[in-house]
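The values are calculated or read from the model by the stated rules, or taken from the named source; none is laboratory data. These numbers come from a predicted model, not from an experiment. Counting neighbours? That spans all protein chains shown, and the Cβs are built from the backbone with ideal geometry, glycine included.
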Amino acid sequence: MFNKSRREFIKKGGAGLALATLTPMVTARVFSSAPESDRRVLVIGAGLAGLSCAYELKQAGFDVILLEARTRPGGRVRTYRDPFADGLYAEMGAEYVDSSDTYARKYCKKFGLEVLTAKLYDGIFVRGKRYSMKDFKDNKQTLPFEGAEPGKLFANERKYIEHWFEKIEDINDLPKEVLELDKISVAQLLRKEKAPRDIVDLYTYTNATESTIRPDQANALGFVLGHYRASGFNEDTDEGRILGGNDQLPKRFAQEVSDSIMYGKPVRRISMGKKVVEVGFEDGGKISTISSPRIVIAMPFSILRKVRIDNEFPADKMKCIRELQYGHVMKFAMQFKQRFWDKPGSLGQRVFSDTPLRRIYHFSIDQPGPRGILLTFTSAEDAQKLGKLSKVNRMKRAREVVSGMWSEAETYWENGTVKYWNEDPFMQGSYSTSGVGHSKGFKDIAGRQEGIAHFAGEHTVAASMNGAIKSGVRASEEVKKAVGV
Ligand SMILES: Cc1cc2nc3c(=O)[nH]c(=O)nc-3n(C[C@H](O)[C@H](O)[C@H](O)COP(=O)(O)OP(=O)(O)OC[C@H]3O[C@@H](n4cnc5c(N)ncnc54)[C@H](O)[C@@H]3O)c2cc1C
């Protein structure tokens, strides 16, 4: 049985398998507890979901092995320090801890990490026009987009869909008519509601950090429910972040579970059984295996869909693993010798734009000057287009855009770096979003326990650090319940 599945594994192959398939499979380090112990748990992925799950399980006395493909913890929490001078750093992955992020805040507090409030947006740069946020709001200026209301940057699309709210009495028991919205995209719905093309364009930019897909890929049901709950991002959203760098949070978790983590071990095969799961992973040029009575899969579905799964999960779970939608995201961090954006007459230090860079803002507010870092958040088709360029040309384009907004930028330019998450081998995307036909039930399916397999990760709850931790804690509770702890 074991040999047959290994042959199939080799025949079907998979990402990065060429070297591994040349060498024999060996059984790797085993759990420290006895083989008959039901307290052994294998966790895959040392992002915040896997780390928080492993942490909670270890606290409860479980024997945990955590397999991680990279040589560092944190996954999409990625703080770059090296390319910058004077102790500056930049968040190339997750950035904001919102005021409602109770899980992220709870663990920050536990580990003695302070959450800093970021500065709010103070500039707008769209269709070549500049606005200070204050003037824009005070004087009720109107954006050069047909259908935009005076003094209003966010949610200009809302008035076209408000009549749908009247049909919703109980959000947990939606009428058929509303549920049907799952079948169409945001762009289709807005067109149906006679919103001008400009409103769809404006929505694309104001929604740039919330959704990293195009409006014609986004689910209209999720869009209407988001507006109904009034949960969208806006210029007053309190965007905190961890003082000294977000990487401190996964690193603190990792320290606590340090003896359990095996780094540089990409999982390539998962063979599910009713009582035992066997996992094959790359281990220094060979494939090693570990067997465990229980597994928590906390890796993104964008990568899990490339892992060979023997004895597949139920059809709806496999559909979800294969089809769950991820967007495109790219961040640039640029170091300048002076913080010209703070000078009088500047467009601002934190700017909304419809340029390919989308959001451009002073990141180093809590870091020593005079040097400073501008960070950008580029998503959806703009990230995709920039991603087709070489790294040199991507940066050239970013510098051009920044120079168009602040004339002094080239004078003070020193250094820059870019991270495109869609070319990251262990992510290949941004974060999960609802595609057309993938209503909110999709996340429930993604997170549903399947026998001895549990699932964690932002894709099972909400695309955030908070969501990842929440899912890890939830999976640890499921495991405890399953073994009667
Ligand atoms: C550019 C960007 C900006 C973001 N901004 C914010 C923000 O401002 N605020 C916020 O709260 N969230 C933000 N997020 C989302 C946030 O980063 C994620 O929701 C969260 O970090 C996901 O955690 P996770 O544990 O689910 O997944 P991940 O962090 O992706 O962790 C999964 C782990 O699995 C590992 N893995 C993958 N394949 C394998 C394999 N084959 N074998 C073993 N291990 C494997 C990966 O290396 C990784 O370490 C952002 C994300 C990105 C990319």
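How many residues, within the stretch 200-212, are surrounded by fewer than 23 Cβ atoms within 10 Å (Cβ to Cβ) and more than 18 Å from PHE145 (Cβ to Cβ)?
2
If I go through the stretch 92-113 residue by residue, how many of them are assigned to a loop (DSSP other than H, G, I, E, B), modelled with pLDDT under 95 and more than 7 Å from the ligand (Cβ to nearest atom)?
2
From the list ARG322, ARG359, which residue is within 16 Å of the ligand (Cβ to nearest atom), part of a strand (DSSP E or B) and basic (Lys, Arg)?
Details: ARG322 fails: part of a strand (DSSP E or B).
Of ARG322, ARG359, the one residue that is within 16 Å of the ligand (Cβ to nearest atom), part of a strand (DSSP E or B) and basic (Lys, Arg) is ARG359.
Can you name the number of the only condition in (1) more than 28 Å from LEU249 (Cβ to Cβ); (2) within 16 Å of the ligand (Cβ to nearest atom) that GLU450 fails?
So GLU450 meets the others, but not (2).
If only one of ALA398, ALA409 is within 30 Å of GLY467 (Cβ to Cβ) and not assigned by TED's automatic domain parsing to the domain that holds LYS306, which one is it? Step through it out loud before you land on a result.
Working: ALA409 fails: within 30 Å of GLY467 (Cβ to Cβ).
Criteria check complete, one pass: ALA398.
Could you list, in sequence order, all residues of the stretch 414-424 that are near the ligand (Cβ under 8 Å from one of its atoms) and more than 17 Å from SER211 (Cα to Cα)?
Start the filter on the stretch 414-424 by keeping residues that are near the ligand (Cβ under 8 Å from one of its atoms), which leaves 419, 421.
Hit for the stretch 414-424 is LYS419, nothing else.
Residue-wise test of (1) at pLDDT below 95; (2) part of a helix (DSSP H, G or I); (3) under 18 Å from ILE161 (Cβ atoms).
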position	(1), (2), (3)
THR204	yes, yes, yes
ASP216	yes, no, yes
GLY226	yes, yes, yes
GLY232	yes, no, yes
GLY245	no, no, no
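For the stretch 286-312, which residues satisfy the criterion of being surrounded by fewer than 20 Cβ atoms within 10 Å (Cβ to Cβ), part of a loop (DSSP other than H, G, I, E, B) and away from the ligand (no atom under 16 Å from the Cβ)? Steps first, please.
Start the filter on the stretch 286-312 by keeping residues that are surrounded by fewer than 20 Cβ atoms within 10 Å (Cβ to Cβ), which leaves 286, 289, 291, 305-306, 308-312.
If we keep only those that are part of a loop (DSSP other than H, G, I, E, B) as well, we get 305-306, 311-312.
Passing the criteria: ASN311, GLU312.
Scan the stretch 453-474 residue by residue and report those that are more than 6 Å from the ligand (Cβ to nearest atom), among the aliphatic types (A, V, I, L, M), closer than 19 Å to VAL77 by Cβ and touching a strand residue (DSSP E or B) at 6+ places or on another chain (Cβ under 7 Å).
ALA456 - this is the single residue of the stretch 453-474 that is more than 6 Å from the ligand (Cβ to nearest atom), among the aliphatic types (A, V, I, L, M), closer than 19 Å to VAL77 by Cβ and touching a strand residue (DSSP E or B) at 6+ places or on another chain (Cβ under 7 Å).
In the stretch 147-192, which residues are among the aromatic types (Phe, Trp, Tyr) and either within 16 Å of ASP216 (Cβ to Cβ) or assigned to a helix (DSSP H, G or I) (or both)? Write out each step before concluding.
Step one: list which residues in the stretch 147-192 are among the aromatic types (Phe, Trp, Tyr), which gives 154, 160, 164-165.
The answer is TYR160, TRP164, PHE165.
Scan the stretch 434-466 residue by residue and report those that are among the charged types (D, E, K, R) and touching a residue at least 60 places away in the same chain (Cβ under 8 Å).
Here is the first cut: in the stretch 434-466, the ones among the charged types (D, E, K, R) are 440, 443-444, 448, 450, 458.
Correct list: LYS440, ARG448, GLU450, GLU458.
Of all residues in the stretch 385-408, how many are within 19 Å of GLN335 (Cβ to Cβ) and part of a loop (DSSP other than H, G, I, E, B)?
3
Suppose we filter THR378, THR411 for residues that are within 19 Å of the chain's Cα centre (by Cα) and either part of a loop (DSSP other than H, G, I, E, B) or of a type outside the set (Phe, Trp, Tyr) (or both); which single one remains? Steps first, please.
Working: THR411 fails: within 19 Å of the chain's Cα centre (by Cα).
From the options THR378, THR411, the qualifying one is THR378.
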